[in-house]
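For reference, the structure I am asking about is given below.
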Amino acid sequence: MITVEIHSTEERKSYGFEFSGHAYSGDPGRDLVCAGASAIAFGTVNAINQLLQITPGIEQGDEGGFLSVVIDPSDLDTETDAKLQIILQTMVTQVYTMVASYGDFIELKYKMM
């Protein structure tokens, strides 16, 4: 199962996320849940980098199945923080959509920072 963990503050602001695990919902190379989760994760990283001009801390597993992204909130001005929250909430909405259809293969959790 793919687990998506959102790292949030008590104020419900998010400053990181982690995708881990494998869906095993289809043959390797044809696993739609894995492909969808990967597209969401890497699309979010690219949006943060290209639209906000910041490079988050990134850790990846050697064999796939793990991506951790961390953004230091102290590095953000108010406008950039607001834009980051929109990008991350969009990501969460996309993951919720996948969970609604493929809940046996992907789950969403929150972790307090």
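Please work out which option in (i) 13.9, 44; (ii) 22.0, 81; (iii) 21.5, 77 gives Rg and Dmax of the Cα atoms in Å calculated from these coordinates, and answer with its label.
Structure-derived value, by its label: (i).
Same structure, new question: In what sequence do S101, S8 fall when counting other Cβ within 10 Å, fewest first?
Numbers: S101 12, S8 18.
Placing the least packed residue first, the sequence is S101, S8.
Shifting gears a bit: Among S25, S20, what is the fewest-to-most ranking by other Cβ atoms within 10 Å? Before the final figure, lay out the partial values.
Details: S25 18, S20 14.
By the 10 Å Cβ count, ascending: S20, S25.
What number comes out for the charge environment of I48, summing +1 per Lys or Arg and -1 per Asp or Glu over other residues with Cβ under 14 Å away?
Numbers: positive: K83; negative: D72, D75, D81.
Once all neighbours under 14 Å are counted, the net charge is -2.
For helix 78-102, what angle does its Cα long axis make with the longest principal axis of the chain, in degrees from 0 to 90 and rounded to 10?
So the inclination is approximately 20 degrees.
Which angle from 0 to 90°, rounded to the nearest 10, does the C-alpha axis of helix 32-52 make with the longest principal axis of the chain?
Tilt relative to the chain: about 20 degrees.
Starting with the fewest neighbours, write out I6, I87 ranked by other beta-carbon atoms found within 10 Å of each beta-carbon. Intermediate values should be presented prior to the final figure.
Details: I6 20, I87 16.
If I rank by nearby Cβ atoms, fewest first, I get I87, I6.
Scale the Cα Rg of segment 6-47 by the rule-of-thumb value 2.2 N^0.38 Å and send over the ratio, two decimals. Kindly include the intermediate steps, with their values, before the conclusion.
Numbers: Rg = 13.0 Å, N = 42, 2.2 N^0.38 = 9.1 Å.
Rounded to two decimals, the normalised Rg is 1.43.
Rank G43, G29, G103 by mean-square fluctuation in a GNM of the chain with C-alpha springs under 10 angstrom and give only the top-ranked residue.
Among G43, G29, G103, the largest GNM mean-square fluctuation belongs to G29.
Each reported figure results from applying straightforward, stated rules to the coordinates on display, with no laboratory input. Since this is a predicted model, take the numbers as computed values, not measurements. Cβ coordinates were reconstructed from backbone atoms using ideal geometry, including for glycine residues, and neighbour counts include every protein chain displayed.
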